[in-house]
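Working notes, structure below.
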Amino acid sequence: MLICTGGAFAQVKKKPAAATAKKPAAAATTAKPNLLPVDPDVYIGKLPNGFTYYIRRNTEPKNRAFVYLVDKAGSLLETDAQQGLAHFTEHMAFNGTRDYPKNDLISYLQTSGVKFGADVNASTSFDETVYQLALPTDSAKVFERGFNIMANIAGFVTFDPKEIDAERGVVLEEARMNGKNAEERLQKQTLPVLLNNSRYAQRLPIGKEDVIKTFNQATIKSFYHDWYRPDLQALIVIGDFDPKQVYQQIKDHFSQFSNPTPEKTRTEYAGTTNPGTVVKFATDKEFQYALVQIVSKFPQTKTKTPDDFFRNLRVNIFNQMLNARINELTQQRVPKLLFGQASYGNFTGRQDAFSMIAVGNSNGLEVAVKTVVGEAESARKFGFTLTELERAKQNALLQIGNAYKEKDKTSSTSYASQYLQNFLEGEAIPGIDYEYKFYVDNIGKITLAEENALAAKFITDQNRTIIVEAPESQKSNLPDEKTMLAWIADGAKNATAYSDDVNTSPLLPNLAPGSKVVSMVEDSILNMTKLTLANGVRVQLMPTKFKNNQVLFNGYSLGGTSLASDHDYPSANLAGGVVGSSGVGNFTQIQLDKKLAGKDVNVSPYISDYTQGLSGNSSAADFDVAMQLLYLYFTQPRKDNDIWQSTISQTKSLLSNRGVNPANVYADTTAAVLGNYNPRAMTFTTAQLDAASLDKAYAFYKARFADASGFNFTFVGSFTKEQIIPYIEKYLGALPADHHNETFKNLGIHPPSGQVTKIINKGIGDKSAVQLIFSGSYDYNDINNIQLDALESVLNIRLTDRLREKESDAYSPEAGISYLKIPDGHYKATISFQCAPENVDKLTADVMDEINKLKQSGADPKDIEKFAAQDARSLQLQLRQNIFWAGYLAAADQNKENPDKVLQHIQNLGDVTPQTTKDAANKYLSGNNLIKLILMPAKK
Ligand SMILES: [Zn+2]
C-alpha cells in the first residue's frame, strides 16, 4: 500500500537497513588500530591540488563504468542573493561548457548511446552536488571523453547570459512540477519547526522564485568560483576498466585546477535542537490523510570504529523488531491505523533521530497515535522477546550473507553511495569481507538487555518535535497541543507486553505424488530447456551465471479477472491480493513471516485482467521452501476473514478523502476515459467494496488455480538442469490438473475512438497537466514494435528540445508508447507534460507541430542514430540480467513468440530510417483517435 504523505515525511532520510560502514581515506595510511579498515579493493587518493579520487574495478555490469563528480557545495553555502543557484549551477553544467557549447553535451552523449535521465543525471542537496554518468568502456574514445566532460563541469561552465535566461523557465517549471501542491504547502508550515529554524530550513535546494527569475551572471559565477574547487571535489569511478588507465585520465584532466584565492571558508552547518517538546499543527485543503510524526533528535553518530559498526548492527536489529510488531497491527481485523513506522537513523542536518509515524484510518488519529506510541513503549517497558531477537539476527545474517555471496556480482552503482558517504561524511568503508566476518563473529553476542536498553534510550520527550498534518476539513477535530501530549502519555501508559504468536508445525505436512517430465526440447541458442510434465504443466528453464545464488521464477495461465462477471468483479479483483496476504496452509501471514525468518524466499500469487499466476525468488539453499510455498498457494490458500475485513476497511480509508487531491482526480479521470468508462477501469467506490465478499473472492481464486495444466513456469538463475528437475517433478508435477483449457475473455476495454477532449478543473495550485493520447488497433510483431520504440525515442528527443530547451516552458515533457497483443493487438502513445495554466494551448500546439514535422519529413537521421545507440546499449545490459530473462521468456510464451529473436534485435535496429519513422508517425499519430486530458486549476 503506497501512501502519499506530507512534506515533513519527505524530509526524513531513512538510513539503509543494514548500515554499511565507511572510513576516511586518510586513515588508510595512518591505520590506527581502533579504526575500521578500508576496503582493499578501492584505490583512494588525492592529486597535489587536493582533488580526491576513488577508483574501483568491478565487472558488473560488463563493459560499463559509472563516473560520479562530487562537489561538497550545496544550497547551505548560498548567500541570500544566491538562493537556488547551487541547483541552477547544476543545470548550467549541461547548458554550455568550454568544450561543449549550448546543448552539445547531451546530444553528444545520446549519440554515444547514453540516455539522458537514466545514464546521465545530477542532483543538488543541502551539502553537495553530484553529477553522474554511466559510460560504455568497450569504446575507449567514449569512455575517455567522460573524463573530459566531468572536467568541463568541474571547472569550465560558461554561464552564457543567454543560456541562463533560457534556463530560468526550465527551473521554474521544475519547481512547479514538484511543488504547488499540498505537500509543499504543508512543508512550508512544518519544516521551520521540524528543523528548528536552522539554516537547513532556510535553504531548500530549489531556492526562491524571485532569485531564479532575476539573478545575474555575476551572482551565479561567484558561487561557482567560490565552491567548485579541487579541495571540495572528488571523482568516483567504478567499473570494468584498467584502474591504472583511469588514474592517468584523472591526473590528466583534473590536475589543472587550483583553489581560488582568497579561499572562502566552507562552514559546516548542523541542525539544532530545542529542549523539551514542540508541537506543530498544519492543515491543507488538498491533503488526504491525518498523520502524526514524532521526532526525537540525537547527536549524529558516524561509523569509524568497530564499536560504531557494532552499534549500527544493534540499531538495525532494534528497528527490525519494532517494525515487525507495528506491521502486525495493520493486519488486524479492525486495524488501528492506516500506516505506522518507528525507527532510529540519520536525520537532516547532521543529526540522528528516533522517528515514529502514525497515519490514521477511519478509526481516527487518536487511536493511530496511541497505538504506535504504545508499541514503542511496550518495547521499552516490557522489552523484546528472545524469539524476536533470534529472528532479527537470522534476517540480518541472511542479508549480509547474500551480499557476501554475490560480492563478485555486485553492481557498480551499489558501491557509489558508500564512497559518496565516505567522501562527504567520513563514514568508513571496510568492504564486504570485513562486514560479513564481523556479523558472523559478533551477532551472537547481542543480548536482549542491550536491545531493550536502546528502546529506553531512543524513547524520550527531550529534543522532541511533534508534527501533525491533516486535511483542512478535519481542522476542527484536531486535538490541541495539550490533548496531543495526553494522547501520547495515554498510549504509553496503556502499553501491554507483546506476545509472540509462533507456529512451529511443518510448512507442508502432505504432498501429493509428483509426475515426471514427459517431453524436453532444448533451445541451444539461448541455452534454455522447455519441459512438459505428465500433469500438463509446462516449464522453461534457463540456467545462468549472472548471480551466484539467485533463482527467479514465475508461472502464469490465461484467464484472470476477465472471467468474472461485472457484478463479481470487485471480489475477483481483490482476490489475488487478499489471498496473497492471508498466509498459507495452517499458517497465518504473521506466523508465516516468522516461519520464513532467515530464509531467502518470496512467493506471491496474483490475478490480473487476463492472467493469473505467481512470481517469486529464492536462494539455491531455500529453493525447496520456495517450491513448498508455490505448491501451497495452489492447493491450500488460506481464507482469512480478518485479512479480508482489514483490506476492505483500509481500502475505504484510502478512498475516503481521495477526491481532495487534484492529482488523484486527474489520474482517476484518465483511467476512466481510457477505459471508456467501463466500471473495471475505474477506481472502486465504497458501494462496490460493500458488495464484495470473501466467499466470492476465495472461490474465484481457487477456480483460477485449480488447473495447473494451463500454466507455464519460467525458472532463471543459478541452478543446473539436473539439479532443478527433481524439484520440478516433485512439486509442480504434484499440482492438480483437470485439463479444461481455460483462457481469457476479451472484454474489449480500449480507449474510445474518435476525438475526446476533457478538461478537469481541480486544485488551488497554479499548475496544469496535459496528456495527449493516440491509440488504435495494432498488428503486434517485431517489425512494428521496433518502429514504435523508435517513434517513442525520437518524440522524446524532439519534445525535450522544443518544450524544454527552446520554449523553456516545461521541465520534463515525455512520450511513452506501449503495445499489447493480449487481449487483442492495441497500441497507445501518450505525450504528457506539466506547465503553467496559461501555456497549455501554446505547448499543445507545439507538440502537434513537432508531430506534423515528423509526419512530413520523418525523423532526423541523427535522432535515429541516438535511438539505435541507446536501445542497443540498454539491451546489452539486460541480456546479462536474470530479471530480464524471467520476464522476457514468460512474455514470449504468452505472446506465442520465438524467444530466440531477441538476439536479432540489435541488427534489426538498422531497419529504422527517416522514411519508416515518417510512415509510423502518419500511421500511429494520425490523430483519428486522439484523447486530450487537461488538468486546470479550479475555477475561482
Ligand atoms: Zn533541476
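List of remarks:
- Just one of (1) modelled with pLDDT of 95 or more; (2) away from the ligand (no atom under 16 Å from the Cβ); (3) in contact with a helix residue (DSSP H, G or I) (Cβ under 9 Å, 6 or more places away or on another chain) fails for ASN741. It is (1).
- Looking only at residues in segment 674-707 that are free of Cβ contacts under 8 Å to residues at least 40 places away in the same chain and among the hydroxyl-bearing types (Ser, Thr, Tyr), the one that is nearest to GLY776 (Cα to Cα) is TYR677.
- Selection count where residues are outside any loop (DSSP other than H, G, I, E, B) and in contact with a Ser or Thr (Cβ under 8 Å, 6 or more places away or on another chain), scope segment 555-574: 11
- Residue within segment 823-845 that is surrounded by fewer than 19 Cβ atoms within 10 Å (Cβ to Cβ), at pLDDT below 95 and either under 23 Å from the mean Cα position of the chain (by Cα) or among the hydroxyl-bearing types (Ser, Thr, Tyr) (or both) present: no
- No other residue among THR267, THR219 is more than 28 Å from ALA353 (Cβ to Cβ) and among the polar types (S, T, N, Q) apart from THR219.
- Only a single criterion out of (1) within 16 Å of the ligand (Cβ to nearest atom); (2) not in a loop (DSSP other than H, G, I, E, B) is not satisfied by ALA810, namely (2).
- Only one of the listed residues (GLU174, GLU183, GLU144) is charged (D, E, K, R) and within 15 Å of the ligand (Cβ to nearest atom). That residue is GLU174.
- Across segment 70-95, the number of residues qualifying as within 16 Å of the ligand (Cβ to nearest atom) and buried (at least 21 other Cβ atoms within 10 Å of the Cβ) comes to 18.
- The one condition from (1) under 30 Å from ILE934 (Cβ atoms); (2) within 25 Å of the chain's Cα centre (by Cα) that GLN650 does not meet is (1).
- Residue that is farthest from the chain's Cα centre (by Cα) [pool: residues in segment 597-621 that are part of a loop (DSSP other than H, G, I, E, B) and under 24 Å from SER557 (Cβ atoms)]: TYR610
- Which listed residue is in contact (Cβ under 8 Å) with a residue 24 or more places away in the chain, among the β-branched types (Val, Ile, Thr), over 30 Å from GLU472 (Cβ atoms) and within 16 Å of the ligand (Cβ to nearest atom), from ILE206, ILE212, ILE149, ILE164: ILE164
- Helices (runs of 4 or more DSSP H) completely within segment 377-468 that count 2 or more residues being at pLDDT 95 or above and under 29 Å from the mean Cα position of the chain (by Cα): 386-405, 412-425, 432-442
- Number of positions in segment 622-648 that are buried (at least 20 other Cβ atoms within 10 Å of the Cβ), in contact with a strand residue (DSSP E or B) (Cβ under 7 Å, 6 or more places away or on another chain) and assigned to a helix (DSSP H, G or I): 6
- Taken over segment 322-346, residues that are part of a helix (DSSP H, G or I) and either touching a Cys at 6+ places or on another chain (Cβ under 6 Å) or surrounded by fewer than 21 Cβ atoms within 10 Å (Cβ to Cβ) (or both) amount to 6.
- Criterion (loosely packed, with under 15 Cβ neighbours inside 10 Å and in contact (Cβ under 8 Å) with a residue 40 or more places away in the chain) met by exactly one of ASN928, ASN882: ASN928
- Being under 30 Å from ALA815 (Cα atoms), within 16 Å of the ligand (Cβ to nearest atom) and in contact with a helix residue (DSSP H, G or I) (Cβ under 6 Å, 6 or more places away or on another chain) is not true of LEU105.
- Of the residues making up segment 121-139, those that are crowded, with 18+ Cβ neighbours inside 10 Å and either away from the ligand (no atom under 13 Å from the Cβ) or at positive phi (or both) number 9.
- Residue check for ASP849: closer than 30 Å to VAL171 by Cβ and either out of contact with any Asp or Glu (no Cβ under 9 Å at 6 or more places or on another chain) or in contact (Cβ under 8 Å) with a residue 40 or more places away in the chain (or both): yes
- Summed over segment 708-722, the residues that are in contact (Cβ under 8 Å) with a residue 40 or more places away in the chain, surrounded by fewer than 16 Cβ atoms within 10 Å (Cβ to Cβ) and in a helix (DSSP H, G or I) give a count of 0.
- Which listed residue, of LYS599, LYS530, LYS545, LYS516, is within 19 Å of ALA890 (Cα to Cα) and either modelled with pLDDT under 95 or of a type in the set (Lys, Arg) (or both): LYS530
- Selection from segment 890-907 of residues that are surrounded by 15 or more Cβ atoms within 10 Å (Cβ to Cβ) and in contact with a helix residue (DSSP H, G or I) (Cβ under 7 Å, 6 or more places away or on another chain): ALA892, PRO899, VAL902, HIS905, ILE906
- Within segment 306-356, the residues that satisfy the criterion of being of a type in the set (Asp, Glu) and out of contact with any Phe, Trp or Tyr (no Cβ under 8 Å at 6 or more places or on another chain) are ASP307, ASP308, GLU328.
Yes or no, residue by residue, for (1) within 17 Å of ALA620 (Cα to Cα); (2) over 33 Å from the mean Cα position of the chain (by Cα); (3) of a type in the set (Asp, Glu); (4) surrounded by fewer than 20 Cβ atoms within 10 Å (Cβ to Cβ):
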{"position": "LEU526", "(1), (2), (3), (4)": "no, no, no, yes"}
{"position": "LEU531", "(1), (2), (3), (4)": "no, yes, no, no"}
{"position": "LYS545", "(1), (2), (3), (4)": "yes, no, no, yes"}
{"position": "GLN550", "(1), (2), (3), (4)": "yes, no, no, no"}
{"position": "SER557", "(1), (2), (3), (4)": "no, no, no, no"}
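- Listing of helices (runs of 4 or more DSSP H) fully contained in segment 209-319 that carry 1 or more residues being under 30 Å from ALA182 (Cβ atoms): 209-214
- When segment 306-348 is filtered for residues that are of a type in the set (Lys, Arg) and in contact with an Asp or Glu (Cβ under 7 Å, 6 or more places away or on another chain), the ones remaining, listed by number, are ARG314, ARG325, ARG333.
The values are calculated or read from the model by the stated rules, or taken from the named source; none is laboratory data. Treat the numbers as computed from the prediction; the structure is a model and nothing was measured. Using ideal geometry, Cβ is built from the backbone for each residue, glycine included, and neighbour counts are taken over all protein chains shown.
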